[in-house]
Every structure is written in structure tokens, then in C-alpha cells.
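The values are calculated or read from the model by the stated rules, or taken from the named source; none is laboratory data. The structure displayed is predicted, hence computed values, not measured ones. All Cβ positions, glycine included, derive from the backbone under ideal geometry; neighbour counts span all protein chains shown. The protein model used for the area step is the full one, side chains on, heavy atoms only, and it has no ligands, DNA or RNA in it. Shrake-Rupley method; radii C 1.70, N 1.55, O 1.52, S 1.80 Å.
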Amino acid sequence: MAKLLEGKILVEQIKSILRDKINSAGKKLKLVSIQVGVNPACEVYVKSQKRAADLLGIEYQLHQLDKVTNGEGLVSFIQELNQDNSVNGIIIQLPLPLHIDYKKISQFITPGKDVEGMHPLNLGKLIFGKAKILPCTAAAVMELLSSIGLNLSGKEVVIVGHSEIVGKPLSLLLLEKLATVTVCHIGTFKAGKLEEHIKRADVLIMAVGKAGLVKGEWIKEGAVVIDVGINKVGDKIVGDVDFEGASKRASWITPVPGGVGPLTVIMLMRNLVEGANL
Ligand code: NAD
């Protein structure tokens with residue numbers, strides 16, 4: 001039976017490291033969050049970000065811009081924040097209204113204040129293994145893997161999902177650890193090859209957003225399963241993997257919720273501290 005790979009113990013450890021850094025620097029940090037329009041999905045993230053910031057003594061300021069704000073308006077607001085020395089980090093809450101393209105906007109945040117790690121300069125540093133500010137979810141997955149002391153060198157790691165926030169940066173972080181990395185996506189699924197890749201994974205990382213996509217019997221005996229997926233099924237939140245079935249074969253498995261999610265928000269705070277050079 002698999003052991004549970006939970007985020008909460010790690011969250012406490014990382015929080016304590018960050019708190020020490022902030023206290024010994026004696027600097028008041030400020031994180032500014034920008035929301036355009038009202039979206040219930042944002043409220044959950046904003047609440048958990050504020051809670052994490054409060055616990056670390058970081059000032060969290062939410063700016064709710066009108067839903068008619070356009071890309072130019074958002075960029076000029078970001079540029080004001082870039083110039084403001086009292087602001088250490090900027091987050092843009094997703095989803096943005098359809099008329100604003102996040103990929104275009106995120107490059108206007110100055111790299112040192114890019115707590116989500118999505119500025120092209122921070123992403124580019126990943127190629128050289130030199131990034132200090134990392135995309136939060138990818139960083140959370142790496143923390144979970146490192147917490148179980150797994151030597152990734154030569155391991156077959158299969159990532160399913162090739163988004164900019166999870167699969168692509170993770171593939172680079174894992175290559176740095178000399179893992180043999182396979183990235184699967186919708187093309188793999190359509191070609192009917194998902195099962196065969198998953199079946200040979202020593203480490204499986206799921207980041208799709210489809211409940212029940214991976215069957216328990218596909219999991220290799222002793223594999224480590226990290227489920228990033230978040231899916232609402234009835235009134236329950238589940239991942240992409242059949243948790244019950246996979247638990248019978250895996251050595252470690254993340255619960256959903258309670259695995260990757262709690263760590264993601266603390267990675268934002270770590271990026272803030274890195275960006276402020278504490
Ligand atoms: P995305 O929509 O940007 O990317 C989805 C990926 O899944 C793409 O690579 C796509 O090609 C692939 N895909 C879609 N259908 C597939 C199929 N049938 N078989 C194989 N691949 C398929 O998603 P994202 O933003 O990377 O998020 C992925 C999931 O992770 C979502 O459930 C999201 O809610 C969750 N998520 C969780 C956290 C967290 O902190 N736990 C953070 C970010 C995202």
C-alpha cells in the first residue's frame with residue numbers, strides 16, 4: 001500500500017525557513033495581487049495567498065480592477081508597481097477576462113517581482129539550470145520528490161500535461177536531476193499511447209485536469225505518483241488518477257486535495273523572498 005505524500009509537513013518546514021530569512025533581514029515585504037473583474041475561482045486563490053502571506057508577516061495587497069480594464073490599462077498598472085520600491089512581488093490572478101492575454105501581460109512584470117516565475121527571463125534561466133524564481137506548481141512537485149529522498153538519476157519519469165506552468169518547466173527541472181523524461185499530452189492520448197508510457201513510469205506526474213484518466217492497474221509496482229490535477233466530481237475534489245487503485249501499486253502517492261496544492265502557494269512566497277534577495 002502506498003505511503004501518502006502530503007504537502008502540509010513540507011509547507012511547515014519551508015514556512016519556518018522563510019520566516020527566519022524574513023525576520024533576520026528585518027525587511028517588510030509586500031506582495032501585490034491584481035484581479036481584473038470578479039471571478040469566484042480567483043477568490044479561493046486570493047484567500048489562500050493572503051493566509052500564507054499573513055502567517056509570514058508579508059503584507060498582501062489586493063487590487064481589484066474593473067472588468068472593462070484592457071491589456072494596456074493592466075500593463076500601465078503593472079509598470080507603476082514595477083517602479084514602486086515598496087512592492088516586492090506581483091501576482092496576476094487567473095482567469096483574466098477573455099480580452100486580455102496572460103502570456104503577453106506576464107512579460108511586463110519586472111523579473112525580480114515575478115513571483116509566479118512566468119517571465120520569459122526566469123523561464124529562460126531554467127534551460128541553464130540557473131533559475132532561482134521557479135513556476136510555483138513545478139517547484140512544488142520538485143519539493144515533494146526531494147522530500148522522499150528519491151535519486152532521480154536515470155529514473156523513467158513520465159509527465160502527462162505540457163502546459164507552461166507545469167509540464168514544460170518540470171521537464172527541464174527533472175532533466176537537471178538526470179531523469180529520463182517523457183512528456184505526454186493530448187497528442188499522446190489521441191495516438192492511443194498514453195497507457196504504454198504511464199505503465200513504464202518510475203515516477204508519474206499527472207497534470208491534465210481529467211478525473212479518472214489514469215487507471216490504477218496502469219501504475220508500475222512501486223512507482224511514485226504525483227497528481228497535480230484538480231477536478232470537481234459531484235461535491236468532491238479528485239485528481240487525474242484513480243487514487244484507490246493506484247494506492248495498491250504505488251510506493252508513494254499524493255492525495256488530492258492535500259498533495260501538491262498546499263505547497264504551490266508557499267512556493268509563491270519563496271519566490272518573493274528570492275526576488276527580494278533575502
Ligand atoms: P492546461 O489545460 O494548460 O494543460 C492541460 C494539459 O493536459 C495539456 O498538455 C494537454 O495537452 C493535456 N491533455 C488534455 N487532455 C489530455 C488527455 N486526454 N490525455 C493526455 N493529456 C491530455 O492545464 P494546467 O494549467 O497545466 O493544469 C492541469 C491540471 O492541474 C488542472 O487540473 C489544474 O487545475 C491543475 N493544477 C493544479 C495546481 C496545484 O497547485 N495543485 C496548479 C496548477 C494546475
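Quick check, is Leu81 under 16 Å from the mean Cα position of the chain (by Cα) and in contact (Cβ under 8 Å) with a residue 24 or more places away in the chain?
No: the conditions fail for Leu81.
Can you name the condition, by its number, that Gly117 falls short on among (1) buried (at least 21 other Cβ atoms within 10 Å of the Cβ); (2) more than 28 Å from Leu213 (Cα to Cα); (3) over 15 Å from the mean Cα position of the chain (by Cα)?
Condition not satisfied by Gly117: (3).
Does region 154-195 hold any residues that are in a helix (DSSP H, G or I), surrounded by 19 or more Cβ atoms within 10 Å (Cβ to Cβ) and over 18 Å from the mean Cα position of the chain (by Cα), and which are they?
Matches in region 154-195: Thr188, Leu194.
Can you name the condition, by its number, that Pro262 falls short on among (1) open to solvent by 60 Å² or more (accessible area, probe 1.4 Å); (2) modelled with pLDDT under 95?
Answer for Pro262: the failing condition is (1).
Quick check on my filter: what residues within region 248-259 are open to solvent by 10 Å² or more (accessible area, probe 1.4 Å) and within 14 Å of the ligand (Cβ to nearest atom)? Write out each step before concluding.
Here is the first cut: in region 248-259, the residues open to solvent by 10 Å² or more (accessible area, probe 1.4 Å) are 248-249, 251-252, 255-258.
Scanning region 248-259 gives Pro255, Val256, Pro257, Gly258.
So which of Glu244, Glu217, Glu221 ends up being more than 11 Å from the ligand (Cβ to nearest atom), more than 23 Å from the chain's Cα centre (by Cα), under 17 Å from Val157 (Cβ atoms) and not polar (S, T, N, Q)?
On the way: Glu244 fails: under 17 Å from Val157 (Cβ atoms); Glu217 fails: under 17 Å from Val157 (Cβ atoms).
Only one candidate passes the filter, namely Glu221.
Quick one: would you say Leu263 is more than 22 Å from Leu194 (Cβ to Cβ), within 14 Å of the ligand (Cβ to nearest atom), in contact with a Cys (Cβ under 7 Å, 6 or more places away or on another chain) and hydrophobic (A, V, I, L, M, F, W, C)?
Details: more than 22 Å from Leu194 (Cβ to Cβ): yes; within 14 Å of the ligand (Cβ to nearest atom): yes; in contact with a Cys (Cβ under 7 Å, 6 or more places away or on another chain): no; hydrophobic (A, V, I, L, M, F, W, C): yes.
Judged against the criteria, Leu263 is not a match.
The conditions are (1) open to solvent by less than 50 Å² (accessible area, probe 1.4 Å); (2) without any contact (Cβ under 8 Å) to a residue 12 or more places away in the chain; (3) away from the ligand (no atom under 16 Å from the Cβ), and Asn151 fails exactly one of them. Which is it?
Checking Asn151 against (1) open to solvent by less than 50 Å² (accessible area, probe 1.4 Å); (2) without any contact (Cβ under 8 Å) to a residue 12 or more places away in the chain; (3) away from the ligand (no atom under 16 Å from the Cβ), the one that fails is (1).
Being in contact (Cβ under 8 Å) with a residue 40 or more places away in the chain, assigned by TED's automatic domain parsing to the domain that holds Glu143 and more than 8 Å from the ligand (Cβ to nearest atom), is that true of even one residue in region 181-195?
Checked region 181-195: no residue is in contact (Cβ under 8 Å) with a residue 40 or more places away in the chain, assigned by TED's automatic domain parsing to the domain that holds Glu143 and more than 8 Å from the ligand (Cβ to nearest atom).
What's the number of the condition Met118 fails, among (1) assigned by TED's automatic domain parsing to the domain that holds Gly187; (2) within 21 Å of Val183 (Cα to Cα); (3) not small (Gly, Ala, Ser)?
(1)
For region 196-211, name all the residues that are small (Gly, Ala, Ser), within 11 Å of the ligand (Cβ to nearest atom) and over 18 Å from the mean Cα position of the chain (by Cα).
The one that is small (Gly, Ala, Ser), within 11 Å of the ligand (Cβ to nearest atom) and over 18 Å from the mean Cα position of the chain (by Cα): Ala211.
Gly245 versus (1) in a helix (DSSP H, G or I); (2) buried (at least 17 other Cβ atoms within 10 Å of the Cβ): which is the lone unmet condition?
Unmet for Gly245, out of (1) in a helix (DSSP H, G or I); (2) buried (at least 17 other Cβ atoms within 10 Å of the Cβ): (2).
Which one of Ile58, Ile17, Ile109, Ile91 is open to solvent by 90 Å² or more (accessible area, probe 1.4 Å), at pLDDT 95 or above, touching a helix residue (DSSP H, G or I) at 6+ places or on another chain (Cβ under 9 Å) and under 27 Å from Glu143 (Cα atoms)? Before you say what the answer is, go through the steps one by one.
Details: Ile58 fails: open to solvent by 90 Å² or more (accessible area, probe 1.4 Å); Ile109 fails: open to solvent by 90 Å² or more (accessible area, probe 1.4 Å); Ile91 fails: open to solvent by 90 Å² or more (accessible area, probe 1.4 Å).
Selected residue: Ile17, the only one of Ile58, Ile17, Ile109, Ile91 that is open to solvent by 90 Å² or more (accessible area, probe 1.4 Å), at pLDDT 95 or above, touching a helix residue (DSSP H, G or I) at 6+ places or on another chain (Cβ under 9 Å) and under 27 Å from Glu143 (Cα atoms).
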